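Throughout, read-outs are computed from the coordinates displayed, never taken from laboratory work. All values derive from a computational prediction rather than experimental measurement. Note that we place each Cβ from the backbone using ideal geometry, even for glycine, and neighbour counts take in every protein chain shown.
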Amino acid sequence: MSIGIENLLVTGGCGFIGSNFIHYLLAREDFHGRIVNVDALTYAGNPDNLKGLATNDQGRYVFVRADICDLEAMKRIFDEYGIDAVSHFAAESHVDRSIKRPESFIFSNIVGTFNLLETARRRGDSFRLFHHISTDEVYGSLGPTGLFTEETPYRPNSPYSASKAASDHLVRAYHETFGLPTTLSNCSNNYGPYQFPEKLIPLMVLNALEEKPLPIYGDGKNVRDWLYVTDHCDAIWTIMNRGRRGETYNVGGAAEMENIAIVGMILDILDEIRPRENGRSRRDLITYVKDRPGHDRRYAIDFSKLQERLGWRPHESFATGLRKTVSWYVENRDWTERVRSGAYQEWIDEQYGE
């Protein structure tokens with residue numbers, strides 16, 4: 001299964017999902033092309049996520065530090081490396097940050113996507129595919145029942161989700177107006193290795209290990225569908241190869257969970273594999289904090305289109321994926337310490353003279 005990509009541009013490849021996708025793709029026997037990873041190395045872009053690839057990839061991996069908001073830089077990269085496909089992960093993605101500083105989300109998520117689409121369009125018939133990775137947050141909030149489908153109207157409730165909705169519409173427009181070959185996926189909440197520690201699952205794991213309070217927004221009953229990151233990578237590659245051009249596919253993990261239930265599961269796993277010295281459960285670290293503005297109550301994904309038309313479904317249950325994830329953060333404390341201390345950013349500054 002391969003569409004014969006020779007030079008794949010992966011944007012945001014030093015981030016959480018992007019770096020997992022690069023590891024996933026280079027391990028596949030049906031991918032024979034080269035990956036050109038473009039990342040601006042903002043706070044969530046961490047070269048440690050791809051440590052060793054530059055020397056062990058036999059010329060199949062290239063890293064270029066560049067900002068997708070720089071149109072001229074994108075043109076140079078497309079031309080220099082003969083880019084014939086794009087997997088577009090690069091985005092500002094943290095809702096809390098979008099509330100405090102929405103302007104960076106507008107530039108990265110909207111202007112950056114526009115630059116990539118325009119540059120891809122310049123490649124003409126040599127360009128094979130632009131795959132855009134988006135989120136279920138563009139659909140807004142669900143009530144107690146129902147699921148998001150590909151036909152659900154967009155109703156974003158935060159600056160982050162509004163900026164992603166705009167980028168989705170741009171991708172669709174470039175297919176309809178210019179005939180650019182595109183596919184688009186809207187995924188539920190990802191979790192797994194290399195996720196920046198501001199996100200729920202790694203934050204709870206690390207705070208609990210350090211005996212810090214575990215802040216839960218509101219009543220903790222906000223519901224999300226959870227998707228193990230390797231399953232997401234597999235879905236993206238499936239869509240890129242089998243998906244119909246111009247179509248959108250929802251990607252879910254079949255794992256609806258309340259936030260408070262997830263935290264409880266994390267703490268139970270930690271109490272099992274790293275018991276506290278006092279022998280007590282870490283559940284006494286849970287603390288409830290004021291809910292954030294525009295906090296959607298429930299998301300849930302219907303991925304039946306992806307399953308029925310392209311034959312994809314998740315391999316990990318939430319229980320198995322969460323155990324793997326918690327164990328990874330416990331066993332990779334060097335990585336987490338470099339991220340939390342900012343040491344990885346000091347290395348970036350040394351490497352690039354900034």
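Secondary-structure-derived ellipticity at 222 nm for the chain, considering helices only, amounts to -12500 deg cm²/dmol, per-run term -39500 (n - 2.57) for DSSP H runs with n ≥ 4.
In the elastic network of the chain, a GNM with C-alpha springs shorter than 10 Å, the most mobile of THR149, THR177, THR238 is THR177. Between THR42 and LYS199, the modelled labels are 1.6 nm apart [label points 7 Å from Cα along Cα→Cβ].
What does DSSP give for the stretch 29-141 in terms of the percent of beta bridges that are antiparallel, rounded to the nearest 5?
0
Under 5 Å from the amide H of VAL223 lie the amide H atoms of ARG298, TYR299, each residue being 5 or more positions distant or on a separate chain, with H modelled from the backbone and absent for Pro and chain starts.
The label point for ARG155 and the one for LEU71, both projected 7 Å from the Cα toward the Cβ, are 3.6 nm apart. Annotation for the stretch 139-165 versus the stretch 201-258: alpha-carbon center distance of 15 Å.
Quick one: if the Förster radius is 56 Å, what FRET efficiency do ASP79 and THR287 give, using the C-beta to C-beta distance and rounding to 0.05?
Working: r = 53 Å, r/R0 = 0.94.
Plugging the Cβ-Cβ distance into 1/(1 + (r/R0)^6) gives 0.60.
Of the GluC sites (Glu not before Pro) in the stretch 84-167, which ones lie in a loop per DSSP and count no more than 12 other C-beta atoms within 10 Å?
GLU151
Highest mobility in the GNM of the chain, judged by mean-square fluctuation with C-alpha springs under 10 Å and restricted to ARG333, ARG242, ARG128, is found for ARG333.
Each residue of the stretch 111-122 was assigned a 3J(HN,Hα) from its phi angle through the Karplus curve 6.51 cos²θ - 1.76 cosθ + 1.60 (θ = phi - 60°); the sequence is 5, x, 5, 4, 4, 5, 5, 4, 5, 4, 4, 5 Hz, with glycine and proline shown as x.
On the beta carbon distance between SER104 and ALA343, with R0 = 30 Å, the FRET formula returns roughly 0.80. Under a model in which nothing but the beta-carbon of Lys, Arg (+1) and Asp, Glu (-1) is charged, the chain shows a dipole of about 440 debye around its Cα centre. Per-residue packing, averaged as other Cβ atoms within 10 Å, sorts the ranges 31-43, 308-320 into the order 31-43, 308-320, beginning with the highest. Rounded to the nearest 10 degrees, the angle from helix 259-273 to the longest Cα principal axis of the chain is 70 degrees. Amide H to amide H, with H built 1.01 Å from N, THR135 comes under 5 Å of CYS187, counting only residues 5 or more places away or on other chains.
Of all DSSP beta bridges in the chain, what percent run antiparallel (nearest 5)? It would help to have the intermediate numbers written out before the result.
Numbers: 3 of 40 bridges.
Here the share of antiparallel DSSP bridges comes out near 10 percent.
Amide H contacts under 5 Å for ILE286: LEU214, restricted to partners 5 or more places along the chain or on a different chain, H placed in the peptide plane at 1.01 Å from N.
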